[in-house]
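Colleague: Below you will find the structure I want to go over with you.
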Amino acid sequence: MSADAAATVLSILLPVRNEGLNLTIMLKILKAVVDVPHEVLVVFDDERDASRLVVDRMAPEDSTIRAMHNQIGPGIPNALRAGVERARGKYVLVFAADEVGPVLAIDDMIALMDDGCDLVSCTRYAHGGRRLGGSVIGGVLSRLANRLFSSLSGCPLTDATTGIKMFRPELFERLQLQANPVGWAVAFEMAIKAQLSGLKLGEVPIVSIDRLYGGRSTFALGPWTAEYLRWFMWGLRRSRQRRRTARPAVAVRIPAATAMGGKTRM
């Protein structure tokens, strides 16, 4: 392993499908705001994906950017597996190319990881977090599902379904993720299994702005609802089998960009 690879603190995984302007802007923003030594892995399923053209154009001027062809299988779960296998960073951040708001949370997510968290999840539904834009139906279902799941299962995360998560790469295989390649259901599964495994969890609020610069969402009501419901029920059954008397603690850090400003609490 090279000295540069050994010094990499953060590997940012961007699963993409034909992203143009969104990816271009995201890569520029990440270069501007991420201060720690990092790499950005743009993971695509098809070598003909239009996103590859963006990486080919920008990578010669930015050595942190790498294009990665996912050959394991289609969908986000396989993109994550492929990305984690190639990641050099101490921490891995799963990110979405079409969401600008969460970049303000990266420093605080790293701070929680440095404080001992194993997995840090962002939240749109607590501590000042918000969700703007996107499907109205999807937004209502997401908020309701997260509230119900947290209440019924005892999960301390207020937004277990969000795809913006940071974790230690050595823990990835331990979770044995099995979600079907439907939307970001694998992120929900990851949160559930992290809690059941007794990992130390953290949470950082974000302002999520869905597809600020356009593009087409992959949201499909029927398939998404079915897959998320499958993990909702699985997590509920397992949580009840292992229910403790007290809800597990979660470390919360409020980004300095918010009015409350850069504080950590349990």
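The values are calculated or read from the model by the stated rules, or taken from the named source; none is laboratory data. The structure displayed is predicted, hence computed values, not measured ones. Cβ atoms come from the backbone with ideal geometry, glycine included; neighbour counts cover every protein chain shown. Side chains are part of the model used for accessible areas, which takes the heavy atoms of the whole protein and leaves out ligands, DNA and RNA. Shrake-Rupley method; radii C 1.70, N 1.55, O 1.52, S 1.80 Å.
Colleague: Using heavy-atom solvent-accessible surface (probe 1.4 Å) with all chains present, what is the largest-first order of ARG238, ARG168, ARG48?
Modeller: ARG48, ARG238, ARG168
Colleague: Calculate the FRET efficiency for LEU21 and ILE72 from the Cβ-Cβ distance with a Förster distance of 25 Å, rounded to the nearest 0.05.
Modeller: According to the calculation, E is roughly 0.35.
Colleague: Identify, among SER63, LEU104, VAL16, the residue whose Cα sits farthest towards the positive end of the charge dipole of the chain, taking +1 on the Cβ of Lys and Arg and -1 on the Cβ of Asp and Glu, with the dipole about the Cα centre.
Modeller: LEU104
Colleague: Further, regarding this structure: Would you work out the charge dipole size for the chain about its Cα centre, treating the Cβ of every Lys and Arg as +1 and the Cβ of every Asp and Glu as -1, and quote it to the nearest 20 debye?
Modeller: Approximately 1260 debye in magnitude.
Colleague: Next question. How much of SER63 can a 1.4 Å solvent probe reach, expressed as accessible area in Å² and rounded to 10?
Modeller: My reading of the accessible area for SER63 is about 110 Å².
Colleague: Moving on to the next point. Angle, helix 21-33 long axis vs. longest principal axis of the chain, Cα atoms, 0 to 90°, nearest 10?
Modeller: It works out to around 80 degrees.
Colleague: Based on DSSP H runs of at least 4 residues, each adding -39500 (n - 2.57), what is the mean residue ellipticity at 222 nm of the chain after dividing by all its residues, to the nearest 500 deg cm²/dmol?
Modeller: -11500 deg cm²/dmol
Colleague: When the dipole is taken about the Cα centre of region 50-170, and only Lys, Arg (+1) and Asp, Glu (-1) are charged at their Cβ, what size is it in debye, to the nearest 20?
Modeller: That gives a dipole near 380 debye.
Colleague: Before I look further, what does the chain give for accessible area per residue, probe 1.4 Å, in whole square angstrom?
Modeller: 47 Å²
Colleague: A further question on this structure: With 20 Å as the limit, write out which pairs from LYS28/LYS90; LYS90/LYS165; LYS165/LYS193 have Cα-Cα distances beyond it, or answer none.
Modeller: Going by Cα-Cα distance, LYS28/LYS90 fall outside the 20 Å limit.
Colleague: At a Förster radius of 35 Å, what calculated FRET efficiency corresponds to the Cβ-Cβ distance of GLU170 and ARG147, to the nearest 0.05?
Modeller: Using R0 = 35 Å, I get an efficiency of 0.65.
Colleague: Work through the residues other than LYS31 whose Cβ is under 10 Å from its Cβ and net out their charges, Lys, Arg +1 and Asp, Glu -1.
Modeller: Spelling it out: positives minus negatives among the neighbours equals -1.
Colleague: Using a 1.4 Å probe on the protein heavy atoms only, what accessible surface does VAL100 show? Give it in Å² to the nearest 10.
Modeller: 30 Å²
Colleague: According to the square roots a ≥ b ≥ c of the eigenvalues of the Cα gyration tensor, what is the shape class of region 82-203, taking rounded for a/c under 1.5, prolate for a/b larger than b/c otherwise, and oblate for the remainder?
Modeller: Judged from the Cα gyration tensor, region 82-203 comes out rounded (a/c under 1.5).
Colleague: Of the heavy-atom accessible surface of the chain (probe 1.4 angstrom), what whole percent is carbon and sulfur?
Modeller: 53 percent
Colleague: Please work out how much accessible surface ASP114 shows to a 1.4 Å probe, ignoring ligands, DNA and RNA, in Å² rounded to 10.
Modeller: The value for ASP114 is about 100 Å².
Colleague: Separate question: Provide, in order from the shortest bin, the percent of all Cα-Cα pairs of region 1-95 in each 5 Å bin, continuing until the bin that contains the maximum pair distance.
Modeller: Using 5 Å bins, I get a P(r) of 3, 14, 27, 26, 20, 9, 2 for region 1-95.
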